[in-house]
Amino acid sequence: MKYQISDFKISPDMDGRLEDIIKEKFKLNKFSFKIIQKSIDARHKDDIKIIYKLMVETDKALKGKNISIYKDDMVKITYPKWEGKSPIVVGFGPAGMLAALYLARCNAKPIIIERGSKIEERKEEVNDFLNHKVLNPNSNVQFGEGGAGAFSDGKLVSNVKSPLIKYIFNEFYIHGAKENILYEAKPHIGTDYLEIVVKNIRLEIEKLGGKFYFNHKFIDAKRINDELIVKVEGLDDFKTNHLLLGLGHSAKDTIRHMYNDMHMDMEQKAFSMGVRVEHPKELIDKAQYGKFYKYLPAAYYKLSTHKNDRGIYTFCMCPGGYVLASTSDDFSIVTNGMSNNDRANFNSNSALLVDVKPSDYDKGNVLDGIDYQEKYERLAFEISKDYKAPANLIKEFLNDEVAKSLRSVKTTYPHGLCLTDLSKCLPSYVIEGLKEGIIDFDKKLHGFNYDDAILIGIESRSSSPVRVLRNENLESSIKGIYPMGEGAGYAGGITSAALDGLKVAMKVAKGEILK
Ligand SMILES: Cc1cc2nc3c(=O)[nH]c(=O)nc-3n(C[C@H](O)[C@H](O)[C@H](O)COP(=O)(O)OP(=O)(O)OC[C@H]3O[C@@H](n4cnc5c(N)ncnc54)[C@H](O)[C@@H]3O)c2cc1C
């Protein structure tokens, strides 16, 4: 019989002995078990517990308060057989990957257009930028196979709720992520495993008859009679009835064309700007886990507050990670973060962001938010004129001074830093919000306002400043064109983008979730 055991608590220092502890607790001889959920309860620093939900299979009858009969709750979905012309999927980020995979399984033989390179070559191109400041504008940290999050922490935490999330995590696992993403409360894949997942999803799609065109940019689509004529740089025109656009928020050239020339309906959207903050990993681990920090994985935090109707929050935290130079444009600076699966680097970093509202940037055009974002990214570059990121230390930042040099915290930012007054490259309301946030977050995470922690500017691409409007069929104002994922304004991370891509593909193919 298979049993589900909930609320099974153990001390972090005993975590390596889980099997023995189950055996002893239930006095079992022969049994097998599987972890269904694992979380850390760190509310009481001197009594931290790891909390498991387990499936235990044994011949012995188990009874008790937290024991029930185990039921597999993996969601099942249908794959209706595709009829008609192959759909075209533009962009192979999380939205495009899940959409193309689903359509390939419906035998739609999707055509995938990706402006960047295959992950293997993209890695070289990204390294060229990180090591030598040579930027390929079509293949970089934002663009290329795997999308914006391919060089990331691969964090899968998200605010969205859907039974399909379990399906998505299972696909990541089947395609090469470690099994713990299926049960950890805050799962993450890590850059080193993401590249395997991305490649394996591509290989499955190819095996099912999908065709990839890397290093080719989608430039236009027109509806003529019942068909869409799709133009792609360097290729003959394609004809299709279904065009799925998973462009990401950095495809500003394509988004501008979609609004200005294709006349697709869009609206302005709030986004955020701020900095990356780098602390020593040990400082964060000790603040979160006290004496147990050595037994637990690198600590994560998520903090938020409000001032003057603006949200101030940490985002995309990378425990034991690196701050990454993440621009896709020449002569501009954009920060973000990444970690490998082991999260073992000496610093932990996070975005520290303040809300930017349409009223901050609106000059009468839907695309004003993109111009506003670009303006500050260029100002950030202008400070060093050399990709060195503008930065300051927390102590001096809070006192309206500029640090003379880095102190105890070494930076992981690859191009080096230029210590400066950050108000040269961020609006005043962002600067004020960051100060408020740092002081407030220190009350929630002791040590957050560590004098020597580094603030690195600017983090400006946490989400899109526009939303492409969709109807109830998830279709844009142009029939047959389906915007999806983060660039369309329907996601803010890997999981939500993948979910949106899957939902669009299921809508297009008329797939269903089975109960
Ligand atoms: C460094 C970094 C770290 C991150 N870390 C995390 C994290 O840990 N967890 C998390 O949830 N999120 C993270 N994010 C955010 C996350 O990556 C994005 O939310 C997610 O990738 C959005 O998915 P998407 O498919 O909508 O778009 P994208 O991933 O941006 O993919 C869009 C794709 O479209 C392609 N494209 C664009 N224009 C064209 C065109 N005209 N023709 C052809 N192809 C085109 C691009 O090359 C790109 O591959 C991170 C982002 C970055 C940059």
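Taking other C-beta atoms within 10 Å as the exposure proxy, Met1, Met264 rank Met1, Met264 from fewest upward.
Hey, could you grab the Kirkwood Rh for region 76-127? Inverse mean 1/r over distinct alpha carbon pairs, Å, one decimal.
Values: mean 1/r = 0.0819 Å⁻¹.
Evaluated over region 76-127, this radius sits at 12.2 Å.
With the simple model of a label 7 Å out from the Cα in the direction of the Cβ, Arg43 to Asp452 spans 3.5 nm. In this rough spin-label picture, where each label sits 7 Å from Cα along the Cβ direction, the Arg256-Lys222 distance is 2.2 nm. Cross-link reach is defined here as a Cα-Cα straight distance under 20 Å, omitting same-chain residues fewer than 8 places apart; for Lys30 the aspartates and glutamates meeting it are Glu19, Asp20, Glu57, Asp59.
A convex hull fitted around the alpha carbon atoms of region 2-69 yields 86 Å³ per residue. Within the same chain, lysines fewer than 8 places from Lys133 are excluded, and of the rest, those with a Cα less than 20 Å from its Cα are Lys123, Lys385, Lys388. Cα centroid separation, region 152-186 to region 351-414: 31 Å. Partners of Lys217 within straight-line reach, counting aspartates and glutamates whose Cα lies under 15 Å from its Cα and excluding those fewer than 8 residues away in the same chain: Glu114, Glu145, Glu233, Asp236, Asp237, Asp253. On the principal axes of its alpha carbon atoms, the chain extends 71, 64, 41 Å, with the longest extent given first. Each peptide in 256-262, 52-58, 363-369, 221-227 gets a packing score, the mean of other Cβ atoms within 10 Å over its residues, and the list from highest to lowest is 52-58, 256-262, 363-369, 221-227.
Show me the ranking of peptides 110-122, 199-211 by mean Cβ neighbours inside 10 Å, starting with the highest. Write out the running numbers ahead of the final one.
Working: 110-122: 23.2, 199-211: 16.7.
Peptide ranking by packing, descending: 110-122, 199-211.
Cα centroid separation, region 419-488 to region 228-307: 9 Å. Close amide H pairs (under 5 Å, H built 1.01 Å from N) link Lys49 with Asp41, residues at least 5 positions away or on another chain.
Rounded to the nearest 20 debye, the dipole magnitude of region 2-69 is 280 debye, with +1 charges on Lys and Arg beta carbons, -1 on Asp and Glu beta carbons, and the Cα centre as origin. Here the spin labels are modelled as points 7 Å beyond Cα on the Cα-Cβ line, and at Glu204 and Asp265 they lie 3.5 nm apart. The stretch between Asp15 and Ser408 holds 138.2 nm of extra length on full extension. This uses 0.36 nm per residue minus the Cα-Cα distance.
Arrange the following residues from fewest to most other Cβ atoms within 10 Å of their Cβ: Cys418, Cys318, Cys106, Cys425. Can you show the working numbers first?
Values: Cys418 18, Cys318 30, Cys106 22, Cys425 26.
Neighbour counts put them in this order, fewest first: Cys418, Cys106, Cys425, Cys318.
Order of 291-297, 281-287 by packing, highest average Cβ count within 10 Å first?
Details: 291-297: 16.6, 281-287: 20.6.
Top of the packing list down: 281-287, 291-297.
All of the numbers you see were taken from the coordinates with simple rules; none came from a lab. These figures come from a predicted structure and were not determined experimentally. Every residue, glycine as well, gets a Cβ built from its backbone with ideal geometry; the counts of neighbours run over all protein chains shown.
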